[in-house]
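The values are calculated or read from the model by the stated rules, or taken from the named source; none is laboratory data. Please read these numbers as outputs of a predicted model, since none were measured by experiment. Ideal geometry is used to build each Cβ from the backbone, glycine not excepted, and the neighbour counts take in all protein chains shown. Keep in mind that these areas ignore ligands, DNA and RNA; they rest on the heavy atoms of the full protein, side chains included. Shrake-Rupley method; radii C 1.70, N 1.55, O 1.52, S 1.80 Å.
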Amino acid sequence: MAADLVVDDFNINSEVDVEAIEASARRARLQGARRLLRYTALKVVALIFTVAVGVYITVIVANMGGEVDKIRLAAIRESVVLAATADPSFRELSAEQRADLINTQVELEARRYGLDQPFLQRSFTYLRDAMLLDLGFAQGLISDSGSRLVRNIILERLPSTLVLFGTAQLLLFFWALFLGLRLSRRYGSFSDKLVLALAPTSSAPGWFYGLFLILIFASVLQFLPFGGMVSAPPPDNRLDYALSLGRHMILPVAAWLMGAIFLTSYNWRTFFLIYSSEDYVEMAKAKGLPDRMIERRYILRPTLPNIVTSFSLLVITLWSGAIIHETVFNWPGIGRLYFQAIAAFDTPVIVGNVVLYAYLLAITVFLLDFIYALVDPRVRVGEGSRN
Amino acid sequence: MSALALRWQQLRRYPSAVVGLIVIAMLVIVSIATPLVLPYSEAIRLWRGGDQEWRTNPRNAAPAWQNLFTETDQAATIVFDSAEGDGEQVAEQLSADTREVRYIYEFEFPYDTFPPELILFTSATYASKQPFVELLWYTPDGREIRSGEFTPTYTASFRFDQDNRLQRRLERETGIENVRASQGLFDDPTQEGLQVLKGTYRLEVVGLLFEPQADLEATFVSYGQVHGWAGTDHLRRDLSVALLWGTPLAMAFGLLAALGTTITTMSIAAIGVWFGGWVDGVIQRLTEVNAIIPLLPILIMVGTLYSRSLWVMLGLVIALSIFGLTIKNYRAIFLQVKELPYIDAARAYGASNMRIIFRYLVPRILPLLIPQIVTLVPFFVFLEAALALLGLGDPVLPTWGKLINDANSEGALFYGYYYWILQPSALLMLAGLAFAMVGFALDRVFNPKLREI
């Protein structure tokens, strides 16, 4: 009886235990999920706030603190006066009537563009619209398809930038990874020393090498184009188009690589070397594991966070780089669009570009946290501060 | 001091650092010497001088050193200015009012190519009667060619290539149709086609003055295909002005920007760490906002909308990087330093906050800053060039970047004026590499952890 009781007791106890464990596990998971949610929400709010402040500053600078309004008002007045003097029925009116009419016309136009409101108030309208990606109409620029919508203008240019820099960045990533691994394996060899010696050349940006590449391959040897994206007129069939695009991409991609490849692979090689001198790598070697496996499991894996950070910094600098790179190579992308928009005082396009960039950057920063957690099991999203 | 000496010892072991230091030293010497030889205002005046300032220079001439690498010797510029007393001057009183002045310009022409242009500039003083000028050309083989007559106004220029009568005369002389005067005058008629007759040429400028007070000065220029040690651009400007002045400007911009950004960023990080709490929070958030605002686009915006002055850009670069991302690195270091006992000691004896920050915290990480500053210099040197290439270079100052921009917009690569792009690029590259190499070595000296690998 007693034994039964004990067994019973034990059974009950064990049942309770399992339940308790399950419950606590569930609670922990729930807590984890809640913490993750809370962290994500906080992070999103912080990022949106950051983007908003950044975009607002851009709005203020791009409008010259309201000065651009005066330029626009003057332009409106000029066009109204021009239209009025060109109208023959206008000549019969007295000077006063004419001035009155012109003034009402200017006022109407100004109200149409929202220029009658004070700039401060409008700056917040701009900010709200920009944050909601309601980018509005461009003032002067028109997309190649004829649209005045900022969204269309930007979307039209985006693919060319993505094609060029996507290719360049992917090549850079894999090449630098490959080169870095190879060099760390042959530490101290001639090629290692060569890359070390060449690393300072990355202090010059890609566009700078672009000038030389254009000089050599386009100007002297004349077998690659000076710039542009496809030959003119664009080829009709898809294969020719792709070939032409490829030919035009060789120089800009090569220039982009030249500006970064040596320093990047040198840095990554250093990461690999630091991690390959860890004890557990020695241990793995002692166990007689094949080199490939050691590399993949024990070296590449722990260096990934470093590599990801380093690469994401490269992606972030891409935006600034794109403006000048696309100008040198006459590439019809987002960077050149931004430059053209500034030259044309086209505030909506400028702001649209910056908003796009700010969002992309914010998303990159946001995703990085999760990528860290993915590649590095020691990092748990939302746990503690990572300062 | 001995610590610094030790570092210097270590640095000297890197050959790349030594080479870099030598190059930097040379650039610094050029930077100091240039303003002494050619003052700031003078350089600006020359670079903005326009046609009058540079009229005796050829357009788009290659640098003279190009002759060392080519088989044919390209023509150099030959200038005779009577106002400077060049050449022989003979004056003869023909009558009470009429006077003849004769300027005899004799020169060697040992080159293989023809000059691209021949121009005679005159400046005359007279009350009402214009003087009359006749040009006589004597070739080495003894021929005399009447190459032009004209009545100059107060200032005039006679372009040999645009005189139709001279062209017809030379067509007969050389037997080549539509020959340019600058070629025909130097052509060897005994040879088939256009071939330079080398030897001593003489140009006589004969001026007839019809008033006792009248006077005439004449400047003859046989433009070269090579000019000076740096060549010229499309506005006849001597590129050496921009190459020389570009050096102090690049150095000043690069060094000041690197110093300014590093020091402000570090101070802000120190202040944030020391005060902690909301100050640190605000600084952290501002850093994140700042990261969203990209540097180059803002610079372009300000350059287009407000001012393109190099010094405004410099201030802006520093201002925008006050809350740069490097704050995070410095913050991590300061957080460790803050916990050290000597800081507690300072606090115990009642040191003020500012004293602790700037006397105890900041000096602690100064050694780490040196490689950082040196490595940053090339970034800013190239940033200035990038801005200039986008057409946002300083409107008055001649910089390397502006040379590249001029060359690019004038199609230098397309037309083959390679020197125009290569010279400033080479200097940019030299400066960038020198600082990068020294920075790399310094990094290893100051961060011993890197040295093993």
For this session: Take every Cα pair under 8 Å in chain B that's 6+ residues apart, average their separations, divide by the length, and report that relative contact order as a whole percent.
Result: 21
Problem set entry | For the range A:55-79, residues shielded by at least 50 square angstrom of accessible area compared with the chain on its own, probe 1.4 Å | A:V61, A:M64
Seminar exercise, completed: If each part is reduced to its alpha-carbon centroid, the range B:242-273 and the range A:211-225 end up apart, in Å, by 35
Problem set entry | Theoretical gain in end-to-end length, B:E192 to B:A319 [0.36 nm per residue, Cα-Cα removed] | 38.9 nm
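How much length is gained if the chain between B:Y342 and B:W65 is pulled fully straight, taking 0.36 nm per residue apart and subtracting their Cα-Cα distance, in nm to one decimal?
Values: separation 277, 0.36 × 277 = 99.72 nm, distance 6.19 nm.
Gain on stretching B:Y342 to B:W65: 93.5 nm.
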Exercise. Once you put a point 7 Å from the Cα of B:K328 and another 7 Å from the Cα of A:A28, both along the Cβ direction, what distance in nm separates them?
Worked result: 3.0
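Check each of the GluC sites (Glu not before Pro) in the range A:60-159 and keep only those in coil by DSSP with at most 12 other C-beta atoms within 10 angstrom; list them in order. The partial results should precede the final answer.
Details: sites: A:E67, A:E78, A:E92, A:E96, A:E107, A:E109, A:E156; in loops: A:E92.
Counting only loop positions with at most 12 other Cβ atoms within 10 Å, the GluC sites (Glu not before Pro) in the range A:60-159 are A:E92.
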Seminar exercise, completed: Residue-normalised 222 nm signal for chain B, counting each DSSP H run of n ≥ 4 as -39,500 (n - 2.57), nearest 500 deg cm²/dmol, is -16000 deg cm²/dmol
Seminar exercise, completed: Per principal axis, largest first, the Cα atoms of the range A:156-385 extend in Å by 63, 47, 36
For this session: Note down the accessible area of B:R12, probe 1.4 Å, to the nearest 10 Å².
Result: 120
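Please report, largest first and rounded to whole Å, the three semi-axes of the ellipsoid equivalent to chain A, where each semi-axis is the square root of five times an eigenvalue of the C-alpha gyration tensor.
On the way: eigenvalues 596, 271, 55 Å².
Those come to 55, 37, 17 Å.
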For this session: Please calculate the 1.4 Å probe accessible area of B:M354, with all protein chains present, and give it to the nearest 10 Å².
Result: 90
Exercise. Which of the lysines could be linked to B:K338 by a straight reach, that is with a Cα gap under 30 Å, when you skip same-chain ones fewer than 8 residues away?
Worked result: A:K43, B:K328, B:K449
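How big, on average over all directions, is the shadow cast by the Cα convex hull of chain B, in nm²?
Working: hull surface 125.6 nm².
Mean projected area for chain B: 31.4 nm², to one decimal.
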Exercise. How big is the B-A contact in terms of buried accessible area, both chains counted, 1.4 Å probe, rounded to the nearest 100 Å²?
Worked result: 4100
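If you take the square roots of the eigenvalues of the alpha-carbon gyration tensor of the range A:120-268 and sort them as a ≥ b ≥ c, do you get rounded (a/c under 1.5), prolate (a/b over b/c) or oblate?
Working: a/c = 2.65, a/b = 1.57, b/c = 1.68.
Oblate is the answer for the range A:120-268, as a/c is 1.5 or above yet b/c matches or exceeds a/b.
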Problem set entry | B:I357 accessible area, 1.4 Å probe, all protein chains in place, Å² to nearest 10 | 0
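Assuming a ≥ b ≥ c are the square roots of the Cα gyration tensor eigenvalues, decide whether the range A:123-163 counts as rounded (a/c under 1.5), prolate (otherwise, with a/b larger than b/c) or oblate. Numbers along the way, then the final one.
On the way: a/c = 3.24, a/b = 1.58, b/c = 2.06.
Oblate shape, in that a/c is at least 1.5 and b/c is the bigger or equal ratio.
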Seminar exercise, completed: Scoring only Lys, Arg, Asp and Glu (+1, +1, -1, -1) among other residues with Cβ under 11 Å from the Cβ of B:T98 yields -2
For this session: Over chain A, calculate the relative contact order: mean separation of alpha carbon pairs under 8 Å at least 6 apart, over the residue count, as a percent.
Result: 23
Problem set entry | chain A, accessible surface, carbon-and-sulfur percent (1.4 angstrom probe) | 65
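Please give the FRET efficiency for B:R143 paired with B:H234, using the beta carbon to beta carbon distance and R0 = 30 Å, rounded to the nearest 0.05.
On the way: r = 35 Å, r/R0 = 1.18.
Rounded to the nearest 0.05, the efficiency is 0.30.
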Problem set entry | Helical segments meeting 30 Å axial Cα length and Kyte-Doolittle 0.0 threshold in chain A (DSSP H) | A:2-62, A:150-185, A:301-328, A:347-375
Exercise. With a sphere of radius 11 Å drawn around the Cβ of A:T40, what net charge do the other residues whose Cβ falls strictly inside it have (Lys, Arg +1; Asp, Glu -1)?
Worked result: +3
For this session: Take the protein assembly as shown, compute every pairwise Cα distance, and split them into 10 Å bins from 0; I just need the percent in each bin.
Result: 2, 9, 15, 18, 17, 14, 10, 7, 4, 2, 1, 0, 0, 0, 0, 0
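Determine, from the Cβ-Cβ distance of B:L136 and A:L314 and an R0 of 56 Å, the FRET efficiency 1/(1 + (r/R0)^6), rounded to the nearest 0.05.
Details: r = 69 Å, r/R0 = 1.23.
The computed FRET efficiency comes out at 0.20.
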For this session: Please compute the net charge surrounding B:E204, taking Lys and Arg as +1 and Asp and Glu as -1 over other residues with Cβ under 10 Å from its Cβ.
Result: -2
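At a Förster distance of 41 Å, what's the computed FRET efficiency of A:E67 paired with A:L368, Cβ-Cβ distance as r, to 0.05? Kindly include the intermediate steps, with their values, before the conclusion.
Values: r = 38 Å, r/R0 = 0.92.
That pair, A:E67 with A:L368, gives E of 0.60.
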For this session: Using only alpha carbon pairs under 8 Å that are at least six residues apart, calculate the relative contact order of the range B:72-222 and give it in whole percent.
Result: 38
